[in-house]
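*Asks:* Please see the structure below; I have some questions.
The values are calculated or read from the model by the stated rules, or taken from the named source; none is laboratory data. Just so you know, these numbers come straight off a predicted model, no measurement behind them. Quick reminder, even Gly has a Cβ in these numbers, built from the backbone with ideal geometry, and neighbours come from all protein chains shown.
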Amino acid sequence: MARPLRIQYIGARYHVMSRGDRREAIFCDDADRVEFLRTLGQACLKTGWQVHAYCLMSNHFHLVVETPQPNLAVGMKWLLGTYTQRFNRRHRHWGHLFGGRYKAQLIDGRKRGYLRCACDYVHLNPVRARIVSGKKKLDSYRWSSYPAYRQPKLRPPWLRVGRLLGEHGLERDTAATRREFERRMKQARLEPGEQELMRGGWKIGAEDFRDWLADKLGRRGRKDERASERRETDAALAERMVNEALAKARWREIDLATQPKGHHVKVKIARQLRGQTPMSRQWIADRLSMGSASYVSNLLASVDSKL
């Protein structure tokens, strides 16, 4: 069965979670956690991501991230791959560190509440894991973004706190609003009712979020559309993307046939198609006159490794 397509678009928000292979540790000590946050900061610098919340546990991590550009897949590939290399080098390990595909739930950003729900869920993870229990304060757990919400001096440049505070109705970042934020998190710790929204599969949002996404991405079909109709719509979107990219590069259709297979314009278009459409590598290779699907794969892997 084919894996579900990553839905990516400008300004998309996600709750991202990834576990260690066979649920084994991905952080052996605090030095690993520091290294992961350093790597996350580098990923944000490369991609423009804005992180609204994070939490690092022993065998998994959570992120709530906003992507000003549709580049979640590329950024996560770099983040997970780079941290794995650094972890293996430090501990003299080899092979996979993360198990399977990371989970990415789309967050409905049209109304207040859904981003708050996702961030509260992430910040309360140490409570659910019983690491923070009883009367112990939530900000006693160092490895989440919650302490940085309470203490501005702890904030890395890639952590964006204004959006979440705004969803709590706290428009200004002051000592008073930070105290109010703490009070609300104490209440959420006692009454985690809204956390059921986090168990909604691929999305965190309203009932019509699926249809809104379909319209936004240019797909007129709905969840009951036939597979053949969906394929035709995806192909039309891919064709439009190719034509727009050719016009931007001031290329004609004939240039695809006459220019080298690995021309940087072709590689750029291929990368857009792979990141924003479900078209296969073979379709891309044929459409852009790039030879074989494996050649396209090698070119894209080379580009991604430099990000």
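*Asks:* Assess whether E253 counts as being farther than 19 Å from Q69 by Cβ and among the charged types (D, E, K, R). Talk me through it step by step, then tell me what you get.
*Replies:* Values: farther than 19 Å from Q69 by Cβ: yes; among the charged types (D, E, K, R): yes.
Yes; evaluated as a whole, the condition is true for this residue.
*Asks:* Being of a type in the set (F, W, Y) and assigned to a strand (DSSP E or B), is that true of even one residue in the range 44-66?
*Replies:* From the range 44-66, those of a type in the set (F, W, Y) are 49, 54, 61; that's our starting set.
From what's left, assigned to a strand (DSSP E or B): 54, 61.
Within the range 44-66, one or more residues are of a type in the set (F, W, Y) and assigned to a strand (DSSP E or B).
*Asks:* From the list A188, A129, pick out the single residue that is at pLDDT below 95, exposed (fewer than 15 other Cβ atoms within 10 Å of the Cβ) and not charged (D, E, K, R). I'd like the intermediate steps shown before the answer.
*Replies:* Working: A188 fails: exposed (fewer than 15 other Cβ atoms within 10 Å of the Cβ).
Testing whether each residue is at pLDDT below 95, exposed (fewer than 15 other Cβ atoms within 10 Å of the Cβ) and not charged (D, E, K, R) leaves just A129.
*Asks:* While we're on this one: Return the only residue of G41, G48 being over 11 Å from the mean Cα position of the chain (by Cα), in the same structural domain as P157 (by TED's automatic domain parsing), on the phi > 0 side of the Ramachandran plot and not polar (S, T, N, Q). Give the steps one after another, and end with the answer.
*Replies:* Details: G41 fails: on the phi > 0 side of the Ramachandran plot.
Exactly one residue qualifies, and that residue is G48.
*Asks:* Condition test on Y114, is it touching a Gly at 6+ places or on another chain (Cβ under 7 Å) and surrounded by 21 or more Cβ atoms within 10 Å (Cβ to Cβ)?
*Replies:* Yes.
*Asks:* Please state which of the following conditions Y83 fails to meet, knowing it meets all the rest: (1) assigned to a helix (DSSP H, G or I); (2) exposed (fewer than 14 other Cβ atoms within 10 Å of the Cβ); (3) among the hydroxyl-bearing types (S, T, Y).
*Replies:* Every listed condition holds for Y83 apart from (2).
*Asks:* For the range 206-228, which positions are modelled with pLDDT of 80 or more, more than 20 Å from the chain's Cα centre (by Cα) and within 17 Å of Q276 (Cα to Cα)?
*Replies:* Once the filter is applied, which keeps residues that are modelled with pLDDT of 80 or more, more than 20 Å from the chain's Cα centre (by Cα) and within 17 Å of Q276 (Cα to Cα), the range 206-228 yields only D215.
*Asks:* Still on this model: With G41, G75 as the choices, which residue is out of contact with any Ser or Thr (no Cβ under 8 Å at 6 or more places or on another chain) and in a helix (DSSP H, G or I)?
*Replies:* The conditions single out G41.
*Asks:* To continue, here is another question. What about L165, is it modelled with pLDDT of 85 or more and surrounded by 18 or more Cβ atoms within 10 Å (Cβ to Cβ)?
*Replies:* Details: modelled with pLDDT of 85 or more: yes; surrounded by 18 or more Cβ atoms within 10 Å (Cβ to Cβ): yes.
Against the criterion (modelled with pLDDT of 85 or more and surrounded by 18 or more Cβ atoms within 10 Å (Cβ to Cβ)), L165 qualifies.
*Asks:* What number of residues within the range 138-184 are touching an Asp or Glu at 6+ places or on another chain (Cβ under 7 Å) and not in a loop (DSSP other than H, G, I, E, B)? Spell out how you get there, then give the answer.
*Replies:* Pass one, the range 138-184, residues touching an Asp or Glu at 6+ places or on another chain (Cβ under 7 Å): 146-147, 150, 161-162, 165, 170.
Subsequent filtering for residues that are not in a loop (DSSP other than H, G, I, E, B) retains 146-147, 150, 162, 165.
Looking only at that region, the number is 5.
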